[in-house]
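Note sheet for the following structure.
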Amino acid sequence: MQFSRVAEVYESIEATTKRLEMTDLLADLLKHASKKIIDKIVYLTQGRLGPTFSSVEMGIAEKLAIQLVARTTGKDNTEIQMSLTKTGDIGETAELLLAKKTQSTLFKTLPLTVLDVYDTLDKMAHTSGTGSMERKMGLLSGLLARATPKEGKYLIRIVTGNLRLGIADMTMLDSMAIAYGGGKDARNALERAYNISSDLGKVAGILVDEGLEGVSKFRVSLGNPIRPMMAERLSTPEEILKKLGGRCMAEFKYDGERVQAHKNGNQVTLFSRRLERITEQYPDAVELLRKHLRAEKAIVEAECVAVNSKTGELRPFQELMHRRRKYGVKEAMAEHPVSLFVFDVLYADGEDYTLEPYSKRHSLLEGIVLEGERIKTAESLLVENVEDLKRFFKRAVEDGCEGIMCKSVNDDSVYQAGARGWLWIKFKRDYQSEMIDTVDLAVVGAFHGRGKRAGVYGAFLLAAYNQKTDSFETVTKCGTGFTDEDLAKMKEMVDKHKIPHRHPRVESMIHADVWFEPSIVIEVLGAEITLSPVHAAAMNSIRKGSGLAIRFPRFTGKYRPERSAEDSTTTAEVLGMYQNQLRKLKGSTQDKPTRS
Ligand code: ATP
């Protein structure tokens, strides 16, 4: 397939504001891709060269891209910089300048194919050592010299990490189901394969090659991270126990970083919640798992928690930031040691346990983790009444935990890879305050600042994620809680995702000054949730024509780089919080003594 076809589809996707149209356009592109290139199209469309967990970085900075465009078009850096100031996008600048060049070029070159593009980018990404920058530039300018202006635009956007199509995993799965699975009903099988492999390209390849049957044969395998299971939330122990059928396994909810460890003999690989490899950050955790897991091959999940090096006391999540580094890991390790609390096992010695009930996984876990000072299974208790649950929660908080996780022990309590469901319910300290819980929201738009805030954004349009429709529904506009530094930082972060109109996966009745591809997530605390005709979250669920809005939102100062936009608080959670608030309100009016 020629790359021009891909570029055309990207252009149409960029122009649409309708999610369905976006899915169909993509489905049509995938339908015409052969077995040999479908995975490559899937990766490129998400701006990568492979799945998140193995993807090599293309990492071409804007400065280099300018030099590249200069080299290919014969223009000087100043001219390119001037055009860039006008367009605000190096891809568009490349398109404009390449168009001028094409007009003056007489000879034709061979058209670029998807394979040409992918293979060259892959080669470039793997080039390292002395003189590698020059070799990289050579490879890229070779591609760019053969590209049409439109192809050039997307090539440059891909290599600089600015594709901004906002095609996330679920949209891709929908398109794959339409193209090869006979319609959206095929989504479930595809989703399961994706959830246990985290590799959309691989799923697409098998789908084209062996059809849905091949996809349904997917099994958990070492080295392919499993997408994490997530918890719903409820705000009273009574509700939790009722929801879980009167019994549950309560566990401490530690405040650290979630790691998924894949042990293959002596080799241990760690993946983050976002499925990135973080093995190098935690050599101590790797060593602990190597020594304390009594299985030759295993996949376990654990919370990696910072501890006080002298007392062993648990420290908050923020302290792990010291471990996010490439250099000086040894020093950081000595100053900021960690403990591991293992809470699930998904695979052991050839057996896939993801579809086994939690009690079985839990007993296996207790059998394979050889506890030590710095590695333990999560503190747990099988609970059958509210009093015990309350006592356990109090103990967890006193021990420095965020709260507890309550897990179903019913027969159907499988590991729901990639899903937030009711088999795990979290109960945290903050739920007991007057305020609603903090929420993580995706930044989908912004409003220009005035006066003191001129030059930066004064407020942001924030959205919750609707899992069912794979879209982002606005829930609040937030301009409070940001320091001047925050505002400058926010501008820098969100501008990388600027797009000319509302993204097709964003539902909004509000017109923002600037729109973004949903990507950046921030934490916000609100005072209450109200019905609102101008916000799209959970529209019509409570009252026709009304959505839900978070009132008096305040940025808590926490950026959420470890989250993708799809990890934002869901609209279903916001709805749950609203209903909860109503219940509390009713409760408090009933409690008040009435005047006689
Ligand atoms: P939060 O912001 O509340 O941590 P989250 O969106 O990161 O939530 P949830 O699924 O809602 O993820 O909560 C589960 C998280 O709690 C896990 O991702 C994990 O990092 C952490 N955790 C700590 N202790 C446990 C435990 N015993 N079992 C499961 N998860 C635990």
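The values are calculated or read from the model by the stated rules, or taken from the named source; none is laboratory data. What you are looking at is a predicted structure, and each value in this text was computed from that prediction instead of being measured. Using ideal geometry, Cβ is built from the backbone for each residue, glycine included, and neighbour counts are taken over all protein chains shown. Only protein heavy atoms, including side chains, enter the accessible area calculation; ligands, DNA and RNA are left aside. Shrake-Rupley method; radii C 1.70, N 1.55, O 1.52, S 1.80 Å.
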* Project the alpha carbons of region 439-581 onto their principal axes and report the range along each, largest first, in whole Å. => 39, 30, 29
* For region 230-430, treating each Cα as an identical point scatterer without solvent, what Debye log10 I(q)/I(0) comes out at q = 0.07, 0.19 1/Å? -> -0.20, -1.41
* Against the longest principal axis of the chain, how steep is helix 19-31, in degrees 0 to 90 to the nearest 10, with axes from Cα atoms? -> 60
* How much area per residue is accessible in the chain when the probe is 1.4 Å and only protein heavy atoms are counted (Å²)? -> 45
* Please report, as a whole percent, how much of the solvent-accessible surface of region 230-430 comes from carbon and sulfur atoms (probe radius 1.4 Å). => 48
* Cα-only Debye scattering, region 1-141: base-10 log of I(q)/I(0) at q = 0.11, 0.17, 0.22 Å⁻¹ -> -0.49, -1.18, -1.47
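Per residue and in cubic angstrom, what volume does the convex hull of the Cα atoms of region 360-414 have?
Numbers: hull volume 5.4 nm³, N = 55.
Cα convex hull per residue, to the nearest whole number: 98 Å³.
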* Mind giving me the nanometre distance, one decimal, between the label points for residue 327 and residue 349, set 7 Å out from Cα along Cα→Cβ? => 4.5
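Rank-order 456-462, 61-67, 176-182 by packing density, defined as the average count of other C-beta atoms within 10 Å over each peptide's residues, highest first. Walk me through the numbers before you get to the answer.
Working: 456-462: 23.6, 61-67: 15.9, 176-182: 20.4.
The peptides rank, most packed first, as 456-462, 176-182, 61-67.
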* Taking the alpha-carbon centroid of each part, what is the distance from region 175-234 to region 272-328 in angstrom? -> 29
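Can you show me the helix-derived [θ] at 222 nm for the chain, built from DSSP H runs with n ≥ 4 at -39,500 (n - 2.57) apiece and divided by the number of residues, rounded to the nearest 500. Present the calculation step by step, with values, prior to reporting the outcome.
Values: 19 runs with 231 residues, N = 596.
My calculation for the chain gives -12000 deg cm²/dmol from helical runs alone.
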* Asked: With each label point set 7 Å from Cα along the Cα-Cβ vector, what nm distance links residue 544 and residue 360?
  -> 4.8
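Taking Rh as the Kirkwood radius, which is the inverse of the mean 1/r over Cα pairs, what is the Rg/Rh value for region 138-257?
On the way: Rg = 21.1 Å, Rh = 18.4 Å.
For region 138-257, the value is 1.15.
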* Hey, could you pull the Cα Rg and Dmax for region 1-51, both in Å? -> 10.7, 31
* C-alpha center-to-center spacing [region 403-429, region 536-556] in angstrom -> 26
* **Per principal axis, descending, Cα span of the chain in whole Å** => 88, 66, 53
* Structure fact -> Tilt, helix 283-292 to longest principal axis of the chain (alpha-carbon atoms), in degrees rounded to tens, equals 50
* Asked: Per the Kirkwood treatment, what hydrodynamic radius in Å, one decimal, follows for region 365-508 from the mean inverse distance over all distinct Cα pairs?
  -> 19.4
* **Tail weight of P(r) past 23 Å, computed on alpha-carbon pairs of region 193-285, percent** => 48
* Length released on extending from residue 5 to residue 21, taking residue separation times 0.36 nm less the Cα-Cα span -> 4.1 nm
